[in-house]
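Report on one structure; see the data block that follows.
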Amino acid sequence: MNNVSRRNQRVLAAAVSAVLMFGAVSQVNAQTANERAAERRAKKEEGKQGTAKVTNEYPQATRVAGDTKASKKATPQLQKMMKAYDDDKGPEARAIADQIIALPEANAYDKAFASQIAAQAAYDGDDTPGAMNYLKQAIASNGLDNNGHFGAMLMLAQLQLQEDQYAESLKTIDQFLAETKSQKPEHLIIKGNALYRLDRFAEAAPVIKQAIDLSPTPKPEWQQLLMATYAESGQAGEAAKIAEGLAAKNPGDKRAQLNLAAVYQQNDMLDKAAVVLEKLRASGQLTEDKEYRQLYATYLNMDGKEKEAIGVINDGLQKGVIKPDYQTYLALAQAYYFSDQAGPAIDAYKKAAPLAPDGEAYLNLARVLWQEDRVPEAKEAAKQAVAKGVKKPEDAKKIIALPGK
């Protein structure tokens with residue numbers, strides 16, 4: 001059968017193969033407004049217990065802060081704003097901040113500090129665009145000390161990254177790094193992440209690796225980001241090394257194991273990918289449709305592994321994990337056909353054909369039926385193929401024209 005070929009089988013497997021499961025590595029904590037308010041109250045209570053000396057967090061900064069003092073005119077409003085904010089009245093604090101920012105007599109510090117508090121109030125209220133606008137105003141006012149000024153810049157870069165504004169985030173973090181001379185890994189990783197999201201993988205990899213090397217306890221997400229960067233830039237060997245290390249350190253982490261299998265797949269190490277996925281299946285950790293598809297697609301891309309693919313598909317169907325859709329039944333039909341099991345292949349094609357977007361599955365069903373000398377059924381399947389539409393209707397018409405009822 002010419003059209004039901006190994007090439008078709010591999011195309012199918014490629015269409016359902018899994019991808020690396022890397023999420024965005026944003027530095028912004030996904031806290032609720034209540035959680036952020038509770039954290040703020042805790043810090044306030046800590047402050048009441050004693051006044052610690054403020055540490056300059058950016059000792060290498062080139063920026064020289066100006067006179068960071070409130071003006072007499074704005075002081076009452078600033079105090080009122082802070083009281084509202086400390087009392088968890090974010091909208092009220094934000095409204096007062098807007099008044100201060102618009103005050104003609106307000107100095108740079110007044111406006112910058114009001115913008116900073118308004119940004120926090122907006123963020124606490126889940127208004128990220130508003131928070132970013134206030135942070136930009138705080139930075140532009142240039143009235144805070146270095147801790148406050150660069151803290152606003154850092155938060156802006158993080159929020160821009162979170163909001164998929166990758167080019168803007170990169171610009172902000174580049175300015176931050178240039179002016180602070182920071183080499184802190186938690187700062188560098190933001191730049192690496194932004195570069196990755198912009199598909200600038202060759203530039204992202206050394207920055208991410210530098211962040212990891214500088215950190216005594218690099219986060220697993222950073223390692224995953226570097227792994228993804230290597231994979232995207234064609235450095236599959238480096239990606240595999242990281243994936244193996246993460247999987248070895250976290251044997252119970254399903255995501256780490258699935259990522260390792262995906263990296264093996266991309267590196268054409270399908271036998272190793274199958275071993276990893278089969279261990280997960282044996283331990284009952286393959287619980288999603290896409291995970292079973294990742295395993296059976298791995299087998300379908302390997303020579304002589306059709307029976308293993310059949311076992312995976314039937315297991316997934318029996319457990320209700322794999323969706324009984326067109327792709328599933330087509331993969332099952334082809335796996336049966338290439339393992340010389342014509343009867344089950346016909347049954348699977350009969351399930352796939354009505355679900356197919358066109359008549360190609362009906363045409364393949366007709367071919368298998370014809371080969372099994374089931375001519376009347378083959379002719380009927382060929383008619384269904386023509387009715388549903390095929391690329392080469394003449395092939396179907398040849399079967400329809402065969403002698404016999």
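Evaluate region 59-78: report whether one residue or more is at pLDDT 90 or above, under 38 Å from the mean Cα position of the chain (by Cα) and farther than 21 Å from LEU135 by Cβ.
Within region 59-78, one or more residues are at pLDDT 90 or above, under 38 Å from the mean Cα position of the chain (by Cα) and farther than 21 Å from LEU135 by Cβ.
Could you grab me the full set of residues in region 277-316 that are under 15 Å from ALA348 (Cβ atoms) and without any contact (Cβ under 8 Å) to a residue 12 or more places away in the chain?
If the condition is that a residue be under 15 Å from ALA348 (Cβ atoms) and without any contact (Cβ under 8 Å) to a residue 12 or more places away in the chain, then GLY311 is the only one that fits.
Filter region 357-383 down to the residues that are under 26 Å from THR298 (Cβ atoms) and surrounded by fewer than 20 Cβ atoms within 10 Å (Cβ to Cβ) and list them by number.
Within region 357-383, PRO357 is the sole residue that qualifies.
Take region 369-405 and flag every residue that is under 45 Å from the mean Cα position of the chain (by Cα), more than 16 Å from LYS350 (Cα to Cα) and basic (Lys, Arg).
The answer is LYS391, LYS392.
Among the residues of region 257-273, is any surrounded by fewer than 19 Cβ atoms within 10 Å (Cβ to Cβ), within 30 Å of VAL321 (Cα to Cα), in contact (Cβ under 8 Å) with a residue 12 or more places away in the chain and small (Gly, Ala, Ser)?
Within region 257-273, not a single residue is surrounded by fewer than 19 Cβ atoms within 10 Å (Cβ to Cβ), within 30 Å of VAL321 (Cα to Cα), in contact (Cβ under 8 Å) with a residue 12 or more places away in the chain and small (Gly, Ala, Ser).
Condition (residue is without any contact (Cβ under 8 Å) to a residue 24 or more places away in the chain, surrounded by fewer than 23 Cβ atoms within 10 Å (Cβ to Cβ) and at positive phi) applied to region 221-239: is it met by at least one residue?
Taking every residue of region 221-239 in turn, at least one turns out to be without any contact (Cβ under 8 Å) to a residue 24 or more places away in the chain, surrounded by fewer than 23 Cβ atoms within 10 Å (Cβ to Cβ) and at positive phi.
Name every residue in region 307-337 that is surrounded by 21 or more Cβ atoms within 10 Å (Cβ to Cβ) and not aliphatic (A, V, I, L, M), in order of residue number.
GLY316, THR328, TYR329, GLN334, TYR336, TYR337, listed by residue number.
Could you say whether any residue in region 183-206 is under 30 Å from LYS69 (Cβ atoms), over 26 Å from the mean Cα position of the chain (by Cα) and not acidic (Asp, Glu)?
No, there is no match, as no residue in region 183-206 is under 30 Å from LYS69 (Cβ atoms), over 26 Å from the mean Cα position of the chain (by Cα) and not acidic (Asp, Glu).
Please specify each residue of region 338-356 satisfying the condition of being surrounded by fewer than 24 Cβ atoms within 10 Å (Cβ to Cβ) and of a type in the set (Ser, Thr, Tyr).
SER339
Of these, ASP303, ASP289, ASP271, ASP347, which one is among the acidic types (Asp, Glu) and assigned by TED's automatic domain parsing to the domain that holds LYS388? I'd like the intermediate steps shown before the answer.
Details: ASP303 fails: assigned by TED's automatic domain parsing to the domain that holds LYS388; ASP289 fails: assigned by TED's automatic domain parsing to the domain that holds LYS388; ASP271 fails: assigned by TED's automatic domain parsing to the domain that holds LYS388.
Selected residue: ASP347, the only one of ASP303, ASP289, ASP271, ASP347 that is among the acidic types (Asp, Glu) and assigned by TED's automatic domain parsing to the domain that holds LYS388.
So ALA248 ticks every box in (1) over 16 Å from the mean Cα position of the chain (by Cα); (2) under 24 Å from ILE322 (Cα atoms) but one. Which box is left unticked?
(2)
From ASP67, ASP86, ASP124, ASP164, which residue is over 26 Å from GLU179 (Cα atoms), loosely packed, with under 15 Cβ neighbours inside 10 Å and touching a helix residue (DSSP H, G or I) at 6+ places or on another chain (Cβ under 8 Å)? Please lay out each step first, then the result.
Values: ASP67 fails: over 26 Å from GLU179 (Cα atoms); ASP124 fails: loosely packed, with under 15 Cβ neighbours inside 10 Å; ASP164 fails: over 26 Å from GLU179 (Cα atoms).
Only one candidate passes the filter, namely ASP86.
Could you grab me the full set of residues in region 388-405 that are free of Cβ contacts under 8 Å to residues at least 24 places away in the same chain and surrounded by 13 or more Cβ atoms within 10 Å (Cβ to Cβ)?
Hits for region 388-405 are PRO393, LYS397, LYS398, ILE400.
Which number in (1) within 16 Å of the chain's Cα centre (by Cα); (2) farther than 25 Å from ILE190 by Cα; (3) of a type in the set (A, V, I, L, M) marks the one condition that LEU225 misses?
Single failed check for LEU225: (2).
Is there a residue being touching a residue at least 60 places away in the same chain (Cβ under 8 Å), surrounded by fewer than 15 Cβ atoms within 10 Å (Cβ to Cβ) and of a type in the set (D, E, K, R) anywhere in region 104-118? Explain how you work it out, then say what you get.
Filtering region 104-118 for residues touching a residue at least 60 places away in the same chain (Cβ under 8 Å) gives none.
Scanning region 104-118 turns up no residue that is touching a residue at least 60 places away in the same chain (Cβ under 8 Å), surrounded by fewer than 15 Cβ atoms within 10 Å (Cβ to Cβ) and of a type in the set (D, E, K, R).
The values are calculated or read from the model by the stated rules, or taken from the named source; none is laboratory data. All of these numbers come straight from a predicted model, not from anything done at the bench. In this analysis, Cβ positions are derived from the backbone assuming ideal geometry, glycine residues included, and neighbour counts consider all displayed protein chains.
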